[in-house]
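Derivation of every value follows stated rules applied to the coordinates shown; laboratory data play no part. Please read all numbers here as calculations on a predicted model, not as lab measurements. Here the Cβ is made from the backbone with ideal geometry for all residues, glycine too, and neighbour counts use every protein chain on show.
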Ligand code: EPZ
């Protein structure tokens with residue numbers, strides 16, 4: 001079995017799936033209420049930030065997802081005491097006993113996660129050394145780490161490539177620096193933040209990513225004692241300090257999960273109240289949702305997403321860094337676009353290969369063509385490089401049930417939606433991988449009236 005399937009099986013076991021395959025009888029709308037918790041893409045980084053504190057940290061609204069378990073395992077092999085109250089969604093992280101870990105232990109706990117790269121800055125400050133194994137993450141293109149290594153090097157880390165991974169040391173400590181990112185990378189911006197807050201002197205980062213999850217990480221670090229200012233034009237300035245404390249923080253909600261359930265409501269002709277979702281972080285998504293023909297109501301405690309009846313309309317969407325339309329929102333939306341009357345275009349500009357999931361939709365009857373040209377708007381950095389990064393979706397099409405296999409996290413959720421909208425029965429394998437980022441998705445599907453059976457139960 002390959003690594004992805006192994007991860008999926010392990011993740012599946014943890015979410016209460018006895019196998020990693022479910023059989024879905026599609027064709028009925030999803031209706032009801034579900035709750036979203038803290039954002040995967042903030043919570044995992046907030047856990048790493050706890051390494052920088054001289055006292056314990058407390059993180060609330062933590063989702064029950066396998067990525068949290070991966071980071072918990074990684075923190076534990078580095079000597080951090082972690083208590084996870086899963087039902088309350090609270091993590092207590094005590095970094096008093098931080099110690100170096102073996103590459104093999106890090107590798108064993110990291111699985112396919114890319115998170116170990118973000119441990120480097122904090123570990124270099126605390127221990128003077130850090131290791132990273134070969135990194136994975138969702139299979140959506142190469143996902144290189146060159147920006148991360150350049151960032152760490154410019155703070156003064158000495159980087160040594162070994163056959164099993166990378167070893168870093170900081171014989172003279174880390175010193176603030178001036179960095180300009182060639183692309184506003186989320187991970188590289190977090191790398192700068194996690195390293196600069198304890199570096200000697202000032203750091204200036206231009207070309208920074210400013211996603212809400214990054215802003216919430218900055219909120220956390222400010223609580224810890226960091227001095228960070230976010231200026232106009234993607235410039236972040238950090239004044240290094242000698243000491244940081246632990247934090248207490250309630251994580252920002254998961255806007256990617258909220259958008260996924262919204263698209264599921266629209267594609268199935270349903271009505272889903274997503275408790276915990278908030279308008280500000282979803283502004284761009286809500287505009288597109290409305291243009292496609294979806295309706296929503298903003299409430300204090302969440303957002304109701306529903307299909308108001310009538311035809312869905314085609315749209316032209318380009319994924320982009322914040323405040324653009326997130327790359328993690330396109331896969332579930334594409335399923336809804338197969339129901340729209342006309343030709344939609346989705347131009348993926350963040351990752352070069354994020355349309356692998358459409359093969360399954362085509363197998364189910366969708367009319368989707370992939371192109372290597374930049375369609376629908378501005379040329380992007382993938383235009384001249386022969387990557388199939390523009391999708392043309394012609395609708396409306398009726399999807400029919402099929403045997404499909406989840407390729408990655410967001411593509412996997414789109415497969416679930418496709419199976420839920422399809423006429424007939426679909427067998428969806430590898431679903432455990434979805435629990436990397438969707439807490440209790442099986443329970444939530446049940447709450448929304450989905451008709452499915454878990455194989456082996
Ligand atoms: C984060 O990935 C998220 N992951 C992704 O979510 C999300 O899609 C992405 O940001 C964009 O919003 C986590 O937060 C754990 P990047 P990250 O660095 O930080 C290139 C999901 O499904 N790049 O902003 O890895 C890279 O190849 C996931 O929840 C380099 O070239 O993304 C990509 O084209 C998937 N060199 C672009 O930058 C580098 O060293 C943006 O990536 C780093 C990145």
Please work out the Kirkwood hydrodynamic radius for the stretch 40-250, using every pair of different C-alpha atoms, and report it in angstroms with one decimal place. 16.9 Å
Mean-position separation - Cα centroids, the stretch 168-241 and the stretch 366-381, in angstrom: 34 Å
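Compute the length gained on full extension between residue 248 and residue 227: take 0.36 nm times their separation in residues and subtract their Cα-Cα distance, giving the result in nm to one decimal. Each step should come with its number before you reach the end.
Details: separation 21, 0.36 × 21 = 7.56 nm, distance 1.72 nm.
Stretched fully, the residue 248-residue 227 segment lengthens by 5.8 nm.
If you rank 374, 120 by fewest surrounding Cβ atoms within 10 Å, what's the result? Spell out each step's value before the answer.
On the way: 374 19, 120 27.
Going from sparsest to densest Cβ surroundings: 374, 120.
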Where the centroid of each part is defined by its Cα atoms, how far is the stretch 259-293 from the stretch 420-457 in Å? 19 Å
Over the stretch 40-250, what is the mean sequence separation of C-alpha contacts under 8 Å (at least six apart), divided by residue count, expressed as relative contact order in percent? 21 percent
0 to 90° range, to nearest 10: angle between helix 212-224 axis and the chain longest Cα axis: 30 degrees
Percent antiparallel among DSSP beta bridges confined to the chain, nearest 5, equals 75 percent
Sorted by average packing, counted as other Cβ atoms within 10 angstrom per residue and highest first, what order do 194-205, 156-167 take? 194-205, 156-167
Contact order relative to length for the chain, counting C-alpha pairs under 8 Å separated by 6 or more residues, stands in percent at 22 percent
Counting only DSSP beta bridges with both residues in the stretch 40-250, what percent are antiparallel, rounded to the nearest 5? 80 percent
Cα-projected label distance for residue 108 with residue 455, points at 7 Å along beta-carbon direction, nm: 3.0 nm
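Let me have the relative contact order for the stretch 189-275, percent, based on Cα pairs under 8 Å that are six or more residues apart.
This gives 29 percent for the stretch 189-275.
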Have a look at the DSSP beta bridges in the stretch 169-301 and tell me what percent are antiparallel, nearest 5. 70 percent
Extension gain, residue 311 back to residue 279 (0.36 nm per residue minus Cα-Cα distance, nm): 9.1 nm
Protection proxy (average C-beta count within 10 Å per residue), highest first, orders 81-93, 264-276 as 264-276, 81-93
Please check which bits of the stretch 297-339 a label hung off residue 371 would reach, taking the label as a point 7 Å along Cα-to-C-beta and the cut-off as backbone N under 13 Å. 316-317
Please work out the Cα center distance from the stretch 37-62 to the stretch 312-362, rounded to the nearest Å. 31 Å
What is the gain in length, in nm to one decimal, between residue 295 and residue 386 on full extension, counting 0.36 nm per residue of separation less the C-alpha to C-alpha distance? 29.1 nm
Taking Cα atoms, the helix 409-421 axis meets the longest principal axis of the chain at an angle in degrees (rounded to 10) of 20 degrees
In whole Å and largest first, what semi-axes does the C-alpha gyration tensor of the chain yield when each eigenvalue is scaled by 5 and square-rooted? 37, 23, 21
